[in-house]
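What follows is a short report on a single structure.
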Amino acid sequence: MSLLIYGTVTSIILALYAVGFSLTYGISGLANFTHGALYILSGFIAWHLMNYLELPFLVAIPLTVLAAGFIGFLMYWTLLLRVRGIAVSELIVTFAAGVAILELLTWGGFYGTRYSLPVLFEEGIEISGVVIDGQRLLVIGTGVMLVILLYLFVHHTKIGLAFRGMAQDERTALSVGIESDWIGSLSLALGAALAAVAALVVLPLGMMEATVGYEVLIYALAVAIVGGLESTAGMVAASFILGFGQSAAARYIGPQWMTVVPLAAIVLVLAVRPSGLVGRFKELEERV
Amino acid sequence: MTSQVQLRKRRLDRGIKARTDSVFVIAAPNDLIYVLAPRVVPILFLMLLPLLLSGYEGKILVHACVIGLLAMSWDLLASCGLFSLGQSLFFGVGAYLAGTMNKYGGAPIWLTLPLATIGGGVLSAALLAPVVRLRGVYFAMVTLMLPLLFRKLIEAWGILGGTHGISSLSVFPSDWVAEYLAIIAFLGVLFGLRKLIESDYGLVLKAIRDDDRAVMSAGINIYSRKVQALFLAGAIASFAGAFMTHHFGFVGFSVFAWDYAILPVAATTLGGPGAFAGAALGSMILLPLSEFLRAMGGLRIAIYCCILIACVITLPEGLFSFLERKYHQFETVVEVK
């Protein structure tokens, strides 16, 4: 039973990590390797808002999300605009920017136990003999809410329609008046904001240090690759496969094997079934 | 009305350069010097350099040569469309092969170096053979993940020395041997690969990068060509790894670290991809620079990353291509009439 519950929590955390990454990639074809760095940077921003400006956590949350979105937006117009469409250069730029942010944070002393974010709910509840704390319930709630909200946003707003148009065919979208740079930068901003949301609910649960950023990137990539990038359902399914895989590995083999699961999953899926478990043909053409 | 004198730059190609990169028209001794200088000067410079350098500077030179080897192997993969973010994989495979053979098999250096080179090439090609079908970003993701996976496996299983690594391995008899071996390997790989990429074989590799479907429709098996390129690049990088193992007398999982993944990419991007000399030049610039930055610790990697981004955005052709173009042109300032 505890495997079931904690497996679910782990899975939803993975889904939170991945949702921003897959959104950006799905819309503008931009593999944002800065994702992990943005995640941890949001934690860093929130901590500073709270400890230097002494804002309450509830005020710091929207500010951090906005700040992260703005950073993503800015990154598009300053760094990515000139290499747009050259997949390899995009990859180098985002990857290098991500590593640069993380190494800068490490260098600035962003590790150890000094930094942490507060939990919103202290008290927990008990489900059939397993105690689960409030923060983990919040994680589950946020995950479910985000997936639903995103679905509504993408399918029932004008920007969402533009997003879907870009995702299907950039040139055709351009020909009906969708500004591709504008939508691309918005998608990156939204992806970054989602990374910040994930950071604000997940970080209070554990360590907050720069090296976590690399792990988040790996998890996001793993979910995106295993699930295939075009469907939300695939992403959720992949998070659950990986999440339960991780929890089971941690329980039955040993906790040090937890991080091996996503790495092995990426390599295996790409080698055996490059379209992802539920991906369709369009993606296959891109990958192979 | 006074009109201002307008000036413009006029560029003329040197007549000596005939149609291809390898055929020259030599009509005077000056032409001969012009053709030979870019080849002879670096060789002489590198060959004489160890005589001028003392112990620590020599180590930097060796390190620069090793990163140069990795960068050229990266460049070889990139010129057939395989974009790798994990040169540390090949490097680590070679390093661990040499380490295990030396420690547990008792093989001497002159045996472990060639064996690790060939074995590393075979192993790298075998590991990545299932994924050569993948394109751009996806291939890069696999190569990024594999070194991390290996590192985790070594950590989790505790095999091959686990977190402590394998120490007290044989080292080179003297610094001279190490320095000259590194330099000769560096120059050999540089000129060898430049020859290779201009041959018909290299032409096919470049064509795979530009349009793999077209190469397939010409009846060439692109996957086998890609595996061959992987073997070659893997062997070069594994030699670098095996060499470093014996240089330090130690191998640990730091061989899978970021340095060996980022530096080759940064060096090649700085120098200019596609010509190998760019990769070599880039590593010769970056490594001494990184020694200046060593005191900064982790910030060093952040600075490489910034250099990398700046190069990709502002100088996409790279330093070497820029210099090469300038070298082959006369540039004069003339008045606009």
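The values are calculated or read from the model by the stated rules, or taken from the named source; none is laboratory data. In this text the structure is predicted, and so the values were computed from the model without any measurement. Positions of Cβ are backbone-derived with ideal geometry, glycine not excepted, and every protein chain shown enters the neighbour counts.
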State yes or no: is A:Pro255 at pLDDT 75 or above and facing another protein chain (nearest Cβ under 10 Å)? no
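Using the structure shown, decide if A:Glu90 is at positive phi and out of contact with any Pro (no Cβ under 7 Å at 6 or more places or on another chain).
Details: at positive phi: no; out of contact with any Pro (no Cβ under 7 Å at 6 or more places or on another chain): yes.
Spelling it out, it is not the case that A:Glu90 is at positive phi and out of contact with any Pro (no Cβ under 7 Å at 6 or more places or on another chain).
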Listed residues B:Ala295, B:Ala277; which is over 22 Å from A:Glu90 (Cβ atoms) and at pLDDT below 80? B:Ala295
Subset of region A:170-216, residues of a type outside the set (Val, Ile, Thr), modelled with pLDDT under 85, within 19 Å of A:Phe95 (Cβ to Cβ) and in a helix (DSSP H, G or I), comes to A:Gly213, A:Tyr214, A:Glu215
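Out of A:Val99, A:Val65, I need the residue that is closer than 11 Å to B:Ile309 by Cβ and under 20 Å from the mean Cα position of the chain (by Cα). Which one? Quick ask: steps written out before the conclusion?
Working: A:Val65 fails: closer than 11 Å to B:Ile309 by Cβ.
Unique residue meeting the criteria: A:Val99.
Given the structure, is B:Ala242 under 15 Å from the mean Cα position of the chain (by Cα) and under 18 Å from B:Leu69 (Cα atoms)?
Criteria not met by B:Ala242.
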Among the residues in region B:88-111, are any at pLDDT 80 or above and within 14 Å of chain A (Cβ to nearest Cβ)? yes
It is to be established whether one or more residues within region B:252-260 are more than 13 Å from every other protein chain (Cβ to nearest Cβ) and in contact with a strand residue (DSSP E or B) (Cβ under 9 Å, 6 or more places away or on another chain). yes
Search region B:52-71 for residues that are in contact (Cβ under 8 Å) with a residue 60 or more places away in the chain and pair each with any residue that is of a type in the set (Phe, Trp, Tyr) and assigned to a helix (DSSP H, G or I) when their beta-carbon atoms are under 7 Å apart and the residues are at least 6 apart or on different chains. B:Cys65/B:Phe186; B:Val66/B:Phe243; B:Gly68/B:Phe186; B:Leu69/B:Phe186; B:Leu69/B:Phe239; B:Leu70/B:Phe91; B:Leu70/B:Tyr260
Only one of B:Pro316, B:Pro273 is within 24 Å of B:Ala240 (Cα to Cα) and not in a helix (DSSP H, G or I), namely B:Pro273
Kindly check whether there is at least one residue in region B:314-321 that is more than 22 Å from B:Arg11 (Cβ to Cβ), more than 11 Å from chain A (Cβ to nearest Cβ) and small (Gly, Ala, Ser). no
Could we say that A:Ser187 is more than 14 Å from chain B (Cβ to nearest Cβ), over 29 Å from A:Glu103 (Cα atoms) and either crowded, with 22+ Cβ neighbours inside 10 Å or over 16 Å from the mean Cα position of the chain (by Cα) (or both) here? no
May I ask you to list the residues in region A:217-233 that are under 15 Å from the mean Cα position of the chain (by Cα), in a helix (DSSP H, G or I) and of a type outside the set (Val, Ile, Thr)? A:Leu217, A:Tyr219, A:Ala220, A:Leu221, A:Ala222, A:Ala224, A:Gly227
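Report, by residue number, each residue of region B:151-183 that is at positive phi and within 14 Å of chain A (Cβ to nearest Cβ).
Here is the first cut: in region B:151-183, the residues at positive phi are B:158, B:160-162, B:165, B:168.
B:Gly158, B:Gly162 - these are the residues of region B:151-183 that are at positive phi and within 14 Å of chain A (Cβ to nearest Cβ).
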Scan region B:177-204 for residues that are more than 15 Å from the chain's Cα centre (by Cα) and within 27 Å of B:Tyr104 (Cα to Cα) and report the count. 4
In region A:81-102, residues that are more than 9 Å from chain B (Cβ to nearest Cβ) and buried (at least 22 other Cβ atoms within 10 Å of the Cβ) total 1
Subset of region B:222-243 [hydrophobic (A, V, I, L, M, F, W, C) and either over 19 Å from B:Leu286 (Cβ atoms) or surrounded by fewer than 23 Cβ atoms within 10 Å (Cβ to Cβ) (or both)]: B:Ile222, B:Val227, B:Ala229, B:Leu230, B:Phe231, B:Leu232, B:Ala233, B:Ala235, B:Phe239, B:Ala242
Take the residues in region B:114-130 that are buried (at least 22 other Cβ atoms within 10 Å of the Cβ) and closer than 28 Å to A:Ala222 by Cβ; name whichever of them is farthest from the other protein chains (Cβ to nearest Cβ). B:Gly120
